[in-house]
Amino acid sequence: MVPESELKVAVIGLGYIGLPTAAVIARTGAMVLGVDVRDEVVETINSGRVHIEEIDLDGLVSGVVARGTLRASTRIEPSDIFVIAVPTPFHDDRTPDIGYVLQATTTVATVLKAGDTVILESTSPVGTTEKLAAFLAQLRPDLKVPGQCVGTPDIAIAYCPERVLPGRIVVELIDNDRCIGGVTARCGRKALHFYRRFVRGACVTTTARAAEMTKLVENAFRDVNIAFANELSIIAEGMGVDVWEVIGLANRHPRVNILQPGPGVGGHCIAVDPWFLVHGDPDNARLIRTAREVNDAKTDHVIARAEAMVAQAGSTPIACLGLAFKANIDDFRESPALKVAEHLARRFGSQIRIVEPHVATLPAGLTEAGATLVDIDTAIETCSAFIVLVDHEVFKSIPLGERADKHVYDTRGIWPDQPETAPPIRELHRSAA
Ligand code: SAJ
């Protein structure tokens, strides 16, 4: 094994996963080069700062940059290990787009040499790592590529999905188990040695296809379970029952563990990845597709109820609490809260006030529609109606649940002790009796 201080690692893609991964590897003493196409991201990191909000990431990055074990560049350099952590979005028709993975592969191919290891971490449709190998073989016919050659390959290729939870990324990068899928068993073993340098959790090897599917299955599992909670919330609303109370009671059963309903599912993972499975087998992925549809439909349901509430509240200012896709983070990707707020702002314009403690300015769409960003105290003073879209910790301490003079629509159940929170009508129009 190459000694820690001499190991050169290139991490391609310095986003929510790539940057923390690069920093955690750099902390072990390896020399890490982070590569990104965005000049401003490279400059920010090289000055010891971060462009994303994530607990403990700023201190970690400033430390490894100061120590000289992490630096960023827009250009790749020869390395021993290449970790690809670029986005894998879907096209408008929801078919997977692995364009960034192939682009990163082209970049790696320019400096790849015998003995190197290429690891894909991006969430990918089953078969992507094999495609990456075939593509590399085309780009570098001088190298023996695993799965594409006879005899011992010159390089190793593996798939190892990230599984970290935004808000806990730095901890989970080290503590979570890793599932490492080699294109061949030898590739898996080489990648395993690398992950053992910085992962405390168990590292388990398998095939690349199984590792790819495992990642998709994990997120589809969560999506299906959230869909169950969201479906329950609409059924309970129609029956005049507090869904959070029912879930709390049902979860007292030793084998029941229902998740929490909300305004829909956001983020770049759970709202996207299940479609990769559906695309892989459209005829049989029936439950997975339905779960996606149920979760998306929950956002439309919340929009309709919120619109009814605003219309009934008259021309008074309305506060939307939260824009992020989930609690205590600044990430708005695929955020149902943002979708609801944008919809309300387009319809009700300057009547809409946004409270989002994690940002200094509103996204352009909201500002253009006339919505304004206010702090929570201003909202309490000036707004008569509140729509809770994100369960940020700071909102939980607001005593709005006890204010009979405010209309409240709490889509996250952050004031669960208030019997009025969930049932229909009273939930929406809790005004002075
Ligand atoms: N949500 C609910 N109810 C719940 C739990 C979540 O409505 O009970 C919503 C959240 O508000 C959010 C969305 O679901 O809008 C997703 O949030 P999340 O916390 O479930 O997951 P992510 O997207 O932050 O991270 C997930 C994680 N996957 C799993 O838990 C199986 C994480 O471990 C993955 O690494 C990450 O996706 C990823 O990158 O794939």
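Size of the dipole of the chain about the Cα centre, Lys and Arg at +1 and Asp and Glu at -1 on the beta carbon, nothing else charged, in debye to 20?
Details: 43 positive and 55 negative charges, 245 e Å.
So the dipole magnitude of the chain works out to roughly 1180 debye.
Which value, in nm² and rounded to one decimal, describes the direction-averaged projected area of the C-alpha convex hull of the range 311-416?
So the mean shadow area of the Cα hull is 6.0 nm².
Quick one: Karplus J couplings for the range 296-310, per residue in order, coefficients 6.51, -1.76, 1.60, θ = phi - 60°, nearest Hz, x for Gly and Pro?
Listing the rounded values in order: 5, 5, 4, 4, 4, 4, 5, 4, 4, 5, 5, 4, 4, 5, 5 Hz.
Over the range 217-429, give the accessible area per residue in Å² for a 1.4 Å probe, as an integer.
44
Rounded to the nearest 10 Å², what accessible area does C269 show when all protein chains are kept and the probe is 1.4 Å?
C269 exposes around 50 Å² with every protein chain in place.
Cα-Cα over 31 Å: which of K298/K396; K131/K339; K144/K215; K131/K190? Numbers along the way, then the final one.
Working: K298/K396 22 Å; K131/K339 35 Å; K144/K215 28 Å; K131/K190 20 Å.
In this structure, K131/K339 exceed 31 Å between Cα atoms.
Please give the FRET efficiency for A308 paired with V37, using the beta carbon to beta carbon distance and R0 = 41 Å, rounded to the nearest 0.05.
0.40
Tell me which residues come under 5 Å, amide H to amide H, from D410 once H is placed; ignore anything under 5 positions away on its chain.
Result for D410 returns V388.
Ignoring everything except DSSP H segments at least 4 long, calculate the 222 nm mean residue ellipticity for the chain; use -39,500 (n - 2.57) per segment, divide by total residues, nearest 500.
After summing the helix terms and dividing by the residues of the chain, the value is -12500 deg cm²/dmol.
Net charge near K215, counting Lys/Arg +1 and Asp/Glu -1 over other residues with Cβ under 15 Å of its Cβ?
Result for the local shell: -4.
Calculate what fraction, in whole %, of the accessible area of the range 4-207 sits on carbon and sulfur atoms when a 1.4 Å probe is rolled over the protein chains.
On the way: 4330 of 8410 Å².
Summing carbon and sulfur atoms, their accessible area is 52 percent of the total for the range 4-207.
If you take the charge dipole of the chain about its Cα centre, with +1 on Lys and Arg Cβ and -1 on Asp and Glu Cβ, which of I226, H407, V390 is farthest toward its positive end?
Going by the charge dipole, the pick is I226.
In percent, what relative contact order does the range 217-429 have, based on Cα pairs under 8 Å that are 6 or more apart in sequence? Numbers along the way, then the final one.
Numbers: 377 pairs, mean separation 47.7, N = 213.
Contact order relative to length: 22 percent.
Over the Cα atoms of the range 4-207, what radius of gyration and what Dmax do you get, in Å?
16.0, 47
Using the per-residue mean of other Cβ atoms lying within 10 Å as a proxy for protection, in what order, highest first, do the peptides 11-19, 373-381, 150-158, 89-97 fall?
11-19, 150-158, 373-381, 89-97
Against the longest principal axis of the chain, how steep is helix 99-109, in degrees 0 to 90 to the nearest 10, with axes from Cα atoms?
It is inclined by approximately 30 degrees.
Scan around L120 for amide H atoms under 5 Å from its own, H built in the peptide plane at 1.01 Å from N, and keep only partners 5 or more places away or cross-chain.
I84, A158, Y159, C160
Name the long-range amide H neighbours of G34: under 5 Å, sequence gap of 5 or more, or other chain; modelled H, no Pro or chain starts.
Counting only residues 5 or more places away or on other chains, the set is V11, R71, A72, S73.
Taking θ = phi - 60°, what integer Hz values does the Karplus form 6.51 cos²θ - 1.76 cosθ + 1.60 yield along the range 190-202, in sequence order, with x for Gly and Pro?
5, 5, 4, 4, 5, 5, 5, 5, 10, 9, 8, x, 6
Using 0.36 nm per residue, how much length does the chain from R286 to R67 gain when fully extended, once their Cα-Cα distance is taken away?
That pair, R286 and R67, stretches by 73.7 nm at full extension.
For the range 208-225, just list the computed ³J(HN,Hα) in residue order, Karplus coefficients 6.51, -1.76 and 1.60, θ = phi - 60°, integers in Hz, with x standing in for Gly and Pro.
4, 5, 5, 5, 4, 5, 4, 4, 5, 5, 4, 6, 5, 4, 5, 4, 4, 6
In Å and from the alpha-carbon atoms only, list the Rg and Dmax of the chain.
Rg and Dmax of the chain, Cα atoms, are 23.9, 81 Å.
Any idea what angle helix 18-27 forms with the longest principal axis of the chain, computed on alpha-carbon atoms, 0 to 90 degrees, nearest 10?
Its long axis makes an angle of about 60 degrees.
Rounded to the nearest 10 Å², what accessible area does K8 have for a 1.4 Å probe in the complete protein model?
110
Give me the one-decimal Kirkwood hydrodynamic radius in Å for the range 217-429, with the sum taken over alpha-carbon pairs. Each step should come with its number before you reach the end.
Numbers: mean 1/r = 0.0570 Å⁻¹.
Kirkwood hydrodynamic radius for the range 217-429: 17.5 Å.
The values are calculated or read from the model by the stated rules, or taken from the named source; none is laboratory data. Computed from a prediction, not measured in an experiment: that's the story for all the values here. Heads up, the Cβs are rebuilt from the backbone with ideal geometry, glycines too, and the neighbour counts pull from every protein chain shown. These area figures cover heavy atoms from the full protein model, side chains too; ligands, DNA and RNA do not enter into them. Shrake-Rupley method; radii C 1.70, N 1.55, O 1.52, S 1.80 Å.
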